[in-house]
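Just below is one structure, and these are the notes that go with it.
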Amino acid sequence: MEYIEAPWRFDYVSRAESAGECIFCAALGGGRGTLTLVEGDHAFAMLNKYPYTSGHTMVAPKQHTADFENLPAETLGEMLSMCQAIVRALRTLYRPHAFNIGFNLGESAGAGVADHLHLHIVPRWRGDTSFMTTLAATRVLPESLETTWERLSEVLRGHGA
């Protein structure tokens, strides 16, 4: 079996953990500075600092919890409504062919931050499995995170999010 390493992701997550902070809790109320796109009463959405593709967004509850089974219905509902709004905005802005949307519940399932529940929204295009990540530990993104934040925030406002 072959393994693909992503050390930049581990470094980011482990720095936050060693500082005793949660990347999601630290992002609350931060707006552009923390790449937070939308905040609701119970949930918020932020760009992934180390995206797999342009527009890779995470939606998390404001409450620091890893407990999916006991997540209040209003929180889960707001998270899914945000997910819909973000998918609409990403479709408008980037015209992806498909999306990966999902939770990684626990470290064994691949969660980099296992103690704060969150879902990923990853836009996908035909042929986007870039060889650069595999061979050079590099991702090629067509724009900066700041530009993605500006463009996606504008489209989300237009969609009433």
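Residues in the range 39-50 that are crowded, with 19+ Cβ neighbours inside 10 Å and either assigned to a helix (DSSP H, G or I) or at pLDDT below 95 (or both): Asn48 only. With respect to (1) closer than 22 Å to Gly55 by Cβ; (2) surrounded by 13 or more Cβ atoms within 10 Å (Cβ to Cβ); (3) touching a strand residue (DSSP E or B) at 6+ places or on another chain (Cβ under 9 Å), the lone exception for Leu71 is condition (1).
The values are calculated or read from the model by the stated rules, or taken from the named source; none is laboratory data. Note that the coordinates shown come from a computational prediction; the quantities given were computed from them, not determined experimentally. Cβ sites come from the backbone with ideal geometry, for glycine too, and all protein chains shown count toward neighbours.
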